[in-house]
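Engineer: Shown below is the structure under consideration.
The values are calculated or read from the model by the stated rules, or taken from the named source; none is laboratory data. Not measured: the values here are computed from a predicted model. Using ideal geometry, Cβ is built from the backbone for each residue, glycine included, and neighbour counts are taken over all protein chains shown. In case anyone asks, the SASA skips ligands and DNA or RNA and just uses the protein heavy atoms, side chains included. Shrake-Rupley method; radii C 1.70, N 1.55, O 1.52, S 1.80 Å.
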Amino acid sequence: MGPAGSGKSTFCSTMLTHCQTIGRKVHLVNLDPAAEHFEYEPTIDIRDLITLEDVMEELDYGPNGGLIYCLEFLLNNIDWLEEEIGNYDDDYLIFDCPGQIELYTHFPIMRRLCEQLQRWNMNICGVYCLESQFIEDKNKYFSGVLSAMSAMVNLEIPHINVMTKMDLIQGDYGNKAEQDLPEDDDNDDDDDEATDQKRQQRRKNRRIKLEQIMTDRELDRYLDPDPMLMVDENNRLTDEELAGRAGKFHALNQAIVQLIDDYSMVSFIPLNITDDDSIEYVLSNIDHSMQYGEDLEPKEPDDAIELE
C-alpha cells in the first residue's frame, strides 16, 4: 500500500520474482479494480468480480467514489475472495492494493479486510511504500510519514515501511559506484600545468567523497525520521516568510514534529530493486513480522534418492 506512484506494483513484481527464484510458492492478488497492466498476471483479480470502469459507467460515480464502492462491494461479497484464496491457503500471497490513501487512513475498509484475512488464520503484514523522491521536499516527506503512521494506527497489523526507488539515489543505500575514485597522488613529476590539473582533480575527488558521506548521513535522518528536519526547515525561513503564509503554519509544523516524536513508530527500510541483498533484507523483515515459516512442516524432496 501507499500513495499513487510510490512503486507498489514494482515492489510486488520484484518480490514475486525473488520469491520464485528462491523456490517459494507465491501468488499475486490484485485488489485494484482500476489496474490495467501487470508485469505478472494476477492469480486472483478483483476485476473478475467488479471493475471501476463499470461502476463509473453504471452508477455515474467519480474515480475516488467508485474505488471505495468497489472495495465495499468486495467486503459484501467476501465469500468470493475466500473461495479464490482457498486453493492457495498454504502459499505466499502478495496483495497489490489501490493507491487511494484514504482506504488505509480514513475508511475502515482495509482494516475490515485485514480482520477477515486473520479470521481465515492467515498471517499478514502490511507494507507501506514511500518513494525516495519524497526526501527532496521535507514537507512532502513528513506528509508521507504521517500517512504511514496513520495507516499503522488504523490497520493494527504487523507493519513495515519501505523507502522505494533507492536505485535512483547514489550512495550506500542506492547504487554502488562501479569503481572507486582515484586515490590522491602527491608525487607529481610532471610540468606545472599538468600538476595544477591533477591538484584540481584531487580537490574535486575529495569534494565528491565528502558530499557522498554527507548524503549517506542525511539519508539516515530520513530512513529513521528525524523531527529536527522540519525544525531545520522552519529555521531557514526569513522574517518576511514567517510574517507571511509560511509563518501561519509554523505552529502546525511544530505540532507535527512533536506528534512524530511522541509516537516514534515510523522507520523505513531502503529498497534497491537492482540489489538482491536489498530485496532479501526487505523480504526477511516481512517474514519476521508475520512469523512466516514457523508453522511450516518440512517438505519431502520431489524425487527420492535411491541408495546403492
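Engineer: Limited to region 4-21, what total is found for residues that are of a type in the set (Val, Ile, Thr) and without any contact (Cβ under 8 Å) to a residue 40 or more places away in the chain?
Structural biologist: Number satisfying all stated conditions: 2.
Engineer: Considering only residues that are small (Gly, Ala, Ser) and assigned to a loop (DSSP other than H, G, I, E, B), look in region 1-14 and name the one that is most open to solvent (accessible area, probe 1.4 Å).
Structural biologist: In this case the residue turns out to be Ala4.
Engineer: Do any residues in region 41-66 that are free of Cβ contacts under 8 Å to residues at least 40 places away in the same chain have Cβ atoms under 8 Å from those of residues that are open to solvent by 50 Å² or more (accessible area, probe 1.4 Å) and among the charged types (D, E, K, R), where the two are at least six apart or on different chains, and which pairs are they?
Structural biologist: Qualifying pairs under 8 Å: Asn64/Glu102.
Engineer: I would also like to ask the following. Can you say whether Tyr104 is of a type in the set (Ser, Thr, Tyr), in contact with a Ser or Thr (Cβ under 8 Å, 6 or more places away or on another chain) and either open to solvent by 70 Å² or more (accessible area, probe 1.4 Å) or part of a helix (DSSP H, G or I) (or both), as far as the supplied structure shows?
Structural biologist: Yes, satisfied.
Engineer: Pick out the one residue from Leu81, Leu74 that is of a type in the set (A, V, I, L, M), assigned to a helix (DSSP H, G or I) and either without any contact (Cβ under 8 Å) to a residue 40 or more places away in the chain or surrounded by fewer than 17 Cβ atoms within 10 Å (Cβ to Cβ) (or both).
Structural biologist: Within the list Leu81, Leu74, the selection yields Leu81.
Engineer: Anything in region 281-305 that is assigned to a loop (DSSP other than H, G, I, E, B), exposed (fewer than 14 other Cβ atoms within 10 Å of the Cβ) and at pLDDT 65 or above? List them, or say none.
Structural biologist: Gln291, Gly293, Glu294
Engineer: Here's a check for you: in region 142-170, which residue that is of a type in the set (S, T, N, Q) and in a helix (DSSP H, G or I) is most open to solvent (accessible area, probe 1.4 Å)?
Structural biologist: Filtering first and then ranking leaves Ser143.
Listed here are the residues, each with its yes/no results for (1) exposed (fewer than 15 other Cβ atoms within 10 Å of the Cβ); (2) touching a Ser or Thr at 6+ places or on another chain (Cβ under 8 Å); (3) at pLDDT below 90.
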{"residue": "Ile109", "(1), (2), (3)": "no, no, no"}
{"residue": "Cys114", "(1), (2), (3)": "no, no, no"}
{"residue": "Leu117", "(1), (2), (3)": "no, no, no"}
{"residue": "Cys125", "(1), (2), (3)": "no, yes, no"}
{"residue": "Glu131", "(1), (2), (3)": "no, yes, no"}
{"residue": "Glu136", "(1), (2), (3)": "yes, no, yes"}
{"residue": "Lys140", "(1), (2), (3)": "yes, no, yes"}
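Engineer: Now a separate question. Tally time: how many residues in region 49-68 are open to solvent by 70 Å² or more (accessible area, probe 1.4 Å) and either modelled with pLDDT of 95 or more or polar (S, T, N, Q) (or both)?
Structural biologist: Adding up the residues that qualify gives 1.
Engineer: Scan region 15-30 and give yes if some residue there is part of a helix (DSSP H, G or I), among the aliphatic types (A, V, I, L, M) and within 20 Å of Ile109 (Cβ to Cβ), otherwise no.
Structural biologist: No, region 15-30 contains no residue that is part of a helix (DSSP H, G or I), among the aliphatic types (A, V, I, L, M) and within 20 Å of Ile109 (Cβ to Cβ).
Engineer: Residues to consider are Ile124, Ile94, Ile50; find the one that is β-branched (Val, Ile, Thr), within 21 Å of the chain's Cα centre (by Cα) and part of a loop (DSSP other than H, G, I, E, B).
Structural biologist: Ile124
Engineer: Which one of the conditions (1) of a type outside the set (Ser, Thr, Tyr); (2) open to solvent by 70 Å² or more (accessible area, probe 1.4 Å); (3) at pLDDT below 90; (4) under 21 Å from Pro3 (Cα atoms) does Asp89 fail to meet, given that it meets all the rest?
Structural biologist: (4)
Engineer: Please work out if Met1 is touching a helix residue (DSSP H, G or I) at 6+ places or on another chain (Cβ under 7 Å) and without any contact (Cβ under 8 Å) to a residue 24 or more places away in the chain.
Structural biologist: Answer is no for this residue.
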